[in-house]
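Each remark here refers to the structure printed beneath this line.
The values are calculated or read from the model by the stated rules, or taken from the named source; none is laboratory data. All values reported here derive from a predicted model rather than from experimental measurement. Quick reminder, even Gly has a Cβ in these numbers, built from the backbone with ideal geometry, and neighbours come from all protein chains shown.
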Amino acid sequence: MVSDVQSTASELAAKSCVPCAGGVPPLAGDELDGFTAQLPDWTVADGHHLEREFGFPNFVQALAFTNKVGDLAELEGHHPDIYLAWGRVAIKIWTHKVDGLTESDFVLAAKIDRLER
């Protein structure tokens, strides 16, 4: 996986998620910090996964956003955990094969940020 910690959020969003075959270490240290800085609305939890909650005025709009995230996940071949509730959607992203974060997790998060709400 190619890393570019100097990329911007829009540059991350322009990339595609790359399937992980495993056997590579998850992001850590300065490399993880560099990617994290590009997505200030996301939280890195325990150095393991990305989290973000989105608010909506009602259930219908939250559901519509959930469906957009689902469509994006299918296109990218990278599937987050999604929690839908009235007026909110919580998302967790990590790469299961490495049990941690990879560049693709940040790419997907940047793409989710660009979805119309």
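State all residues of segment 73-117 that are farther than 16 Å from ALA45 by Cα and of a type in the set (Gly, Ala, Ser); if no residue qualifies, say none.
The answer is ALA73, GLY77, ALA85, GLY87, SER104, ALA110.
Being within 16 Å of LEU115 (Cα to Cα) and among the β-branched types (Val, Ile, Thr) narrows it down to one residue among VAL44, VAL69, VAL98; which is it? Steps first, please.
Numbers: VAL44 fails: within 16 Å of LEU115 (Cα to Cα); VAL98 fails: within 16 Å of LEU115 (Cα to Cα).
Every option except VAL69 fails the conditions.
On the given criteria, is ALA13 in a loop (DSSP other than H, G, I, E, B), in contact (Cβ under 8 Å) with a residue 60 or more places away in the chain and out of contact with any Ser or Thr (no Cβ under 8 Å at 6 or more places or on another chain)?
On the way: in a loop (DSSP other than H, G, I, E, B): no; in contact (Cβ under 8 Å) with a residue 60 or more places away in the chain: yes; out of contact with any Ser or Thr (no Cβ under 8 Å at 6 or more places or on another chain): yes.
It is false that ALA13 is in a loop (DSSP other than H, G, I, E, B), in contact (Cβ under 8 Å) with a residue 60 or more places away in the chain and out of contact with any Ser or Thr (no Cβ under 8 Å at 6 or more places or on another chain).
Can you confirm whether LYS68 is of a type in the set (Lys, Arg) and in contact with a Leu (Cβ under 8 Å, 6 or more places away or on another chain)?
Values: of a type in the set (Lys, Arg): yes; in contact with a Leu (Cβ under 8 Å, 6 or more places away or on another chain): yes.
Here the answer is yes, as LYS68 does meet what is asked.
Within segment 17-25, is there a residue that is more than 12 Å from LEU108 (Cα to Cα) and touching an Asp or Glu at 6+ places or on another chain (Cβ under 8 Å)?
The answer is no; no qualifying residue exists.
Within segment 37-70, track down each residue that is out of contact with any strand residue (DSSP E or B) (no Cβ under 9 Å at 6 or more places or on another chain) and among the charged types (D, E, K, R). Show your work before the answer.
Kept after step one, since they are out of contact with any strand residue (DSSP E or B) (no Cβ under 9 Å at 6 or more places or on another chain), are these residues of segment 37-70: 37-38, 40, 46, 57-58, 60-61, 64, 67-68.
Correct list: ASP46, LYS68.
Which condition does SER7 not pass, out of (1) surrounded by fewer than 16 Cβ atoms within 10 Å (Cβ to Cβ); (2) among the hydroxyl-bearing types (Ser, Thr, Tyr); (3) modelled with pLDDT under 95, if it passes all the others?
If we test SER7 against (1) surrounded by fewer than 16 Cβ atoms within 10 Å (Cβ to Cβ); (2) among the hydroxyl-bearing types (Ser, Thr, Tyr); (3) modelled with pLDDT under 95, just (1) comes out false.
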